[in-house]
Amino acid sequence: MEVTLERMQVFFPASLEIQEELLKAGFRVPYDRESKIKTPIPVVSSFLGGRSIRKERLLRASKAEENGKYIKLPEEKAGMEISVNEKGFVTFRILPREYHLEELGFTSVPPRLWSTWASFSLNFESFESLVNMLEEYADEKPKGIYLASQSTGREIEVYGYKGRNAKNLGIPVFGYSIGMKGLMLAEDYFKEKAGENGVNPEVLRYLKLGVKKRKETKAGLKVGVVWSEGSPTRINLRLSTTAPKIRITGLYGELTGKSRGELSDSSGWYFTAHANDLYWALMETISAFGSR
């Protein structure tokens, strides 16, 4: 099953592992007060409905139109392939066909302390097809499926998680790999930044600018349904990690945050969960509003 994503955002600035890799190579990340060199780690984003962002936040885009202080980005199409194997594990493969790079906007909490650092949204029209595919692999409802909610203005999201202490994680994730290798916009961006930082661009060939799950990584997938004006509009799949904690030496001292996994130079994006967990998380979430 393949779907077009409504939204996709991967917050690579949340990874201290990637920040340390760039710092060791000589990049001044994210900002050097003395030289005034600014090297933000990109957020890789795609919005099917297009988007407008402030001009100074756009790092790279294939197409963009200036509109005063803002940049108008056109429709961007990213895909997701969903498959289930004979052992009942569901794999999501992300296809970032059209995207842009942007600088992370101001947040009150540093992204290295976040749980969720990657978000993928499907139109709610995919709900029936998805649960029908998963139903074949579903067993009895597992114990300990709980619901949480959060509101952002006119929208409310209800999401499922497994285990009383897993509110910041979701359902278990057994593997993932997401990185910037093979993204042409990212390659062009870091080549330009290499020049600004006085780094030999040949170094870029050897850098690992992605992360994959380690055995000890506590990873989960928040499985949510977003409601607007009384109707479900999209399905959110949000990748989270909460442990272990790691420390690196930044430009101005030690930084502590949540590990995003092991450094990787893989070019394929995927994450894997159990079909039974995903099925029941979706069913519980949609039933919260009496829709099924």
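A short reminder: the numbers here are calculations on the coordinates, not readings from a lab. These numbers were taken from a predicted model, which means no experiment stands behind them. In this analysis, Cβ positions are derived from the backbone assuming ideal geometry, glycine residues included, and neighbour counts consider all displayed protein chains.
Out of the range 252-271, which residues are surrounded by fewer than 21 Cβ atoms within 10 Å (Cβ to Cβ), touching a strand residue (DSSP E or B) at 6+ places or on another chain (Cβ under 8 Å) and not acidic (D, E)? I'd like the intermediate steps shown before the answer.
If we filter the range 252-271 for residues that are surrounded by fewer than 21 Cβ atoms within 10 Å (Cβ to Cβ), which is where we start, we get 252-257, 261-268, 270.
Right, trim to touching a strand residue (DSSP E or B) at 6+ places or on another chain (Cβ under 8 Å) and you get 254-257, 261-268, 270.
Passing the criteria: L255, T256, G257, G261, L263, S264, S266, S267, G268, Y270.
Could you list, in sequence order, all residues of the range 1-38 that are under 30 Å from F127 (Cα atoms), out of contact with any Leu (no Cβ under 6 Å at 6 or more places or on another chain) and of a type in the set (A, V, I, L, M)?
Just the residues of the range 1-38 that are under 30 Å from F127 (Cα atoms), to begin with: 1-12, 14.
Restricting the remaining residues to those that are out of contact with any Leu (no Cβ under 6 Å at 6 or more places or on another chain) gives 1-2, 4-5, 7-12, 14.
Result: M1, L5, M8, V10, A14.
Scanning for something assigned to a helix (DSSP H, G or I) and either farther than 30 Å from S126 by Cα or among the basic types (K, R) (or both), does the range 205-226 turn up at least one residue?
We begin by selecting, within the range 205-226, every residue assigned to a helix (DSSP H, G or I); these are 205-206.
Then drop every residue that is not either farther than 30 Å from S126 by Cα or among the basic types (K, R) (or both), which leaves 205-206.
Checking the range 205-226: at least one residue is assigned to a helix (DSSP H, G or I) and either farther than 30 Å from S126 by Cα or among the basic types (K, R) (or both).
Which residue, of G163, G198, G175, is within 25 Å of R93 (Cα to Cα) and surrounded by fewer than 17 Cβ atoms within 10 Å (Cβ to Cβ)?
On the way: G163 fails: within 25 Å of R93 (Cα to Cα); G198 fails: within 25 Å of R93 (Cα to Cα).
After applying the criteria, what remains is G175.
Could you check K143 against (1) under 26 Å from K213 (Cα atoms); (2) of a type in the set (K, R); (3) surrounded by fewer than 17 Cβ atoms within 10 Å (Cβ to Cβ); (4) in contact (Cβ under 8 Å) with a residue 60 or more places away in the chain and say which number it fails?
Among (1) under 26 Å from K213 (Cα atoms); (2) of a type in the set (K, R); (3) surrounded by fewer than 17 Cβ atoms within 10 Å (Cβ to Cβ); (4) in contact (Cβ under 8 Å) with a residue 60 or more places away in the chain, the lone unmet condition for K143 is (4).
Residue check, L59 against (1) closer than 19 Å to V211 by Cβ; (2) in contact (Cβ under 8 Å) with a residue 60 or more places away in the chain, all met but one. Which one?
Condition (1) is where L59 drops out.
What pairs can you find where one residue is in the range 210-225 and hydroxyl-bearing (S, T, Y), the other is part of a strand (DSSP E or B), and their Cβ atoms are less than 6 Å apart, with a gap of 6+ or different chains?
These pairs meet every condition: T217/T241.
Can you name the strands (runs of 3 or more DSSP E) wholly within the range 1-111 that have at least 3 residues being surrounded by fewer than 22 Cβ atoms within 10 Å (Cβ to Cβ)? Quick ask: steps written out before the conclusion?
On the way: elements: 2-11, 43-47, 51-54, 58-61, 65-67, 70-73, 79-84, 89-95, 100-102.
Filter on the range 1-111 gives 2-11, 51-54, 58-61, 65-67, 70-73, 79-84, 89-95.
What residue, of R238, R247, R234, is out of contact with any Pro (no Cβ under 7 Å at 6 or more places or on another chain), farther than 19 Å from S129 by Cα and buried (at least 18 other Cβ atoms within 10 Å of the Cβ)? Spell out the reasoning first.
Values: R247 fails: buried (at least 18 other Cβ atoms within 10 Å of the Cβ); R234 fails: farther than 19 Å from S129 by Cα.
Among R238, R247, R234, only R238 is out of contact with any Pro (no Cβ under 7 Å at 6 or more places or on another chain), farther than 19 Å from S129 by Cα and buried (at least 18 other Cβ atoms within 10 Å of the Cβ).
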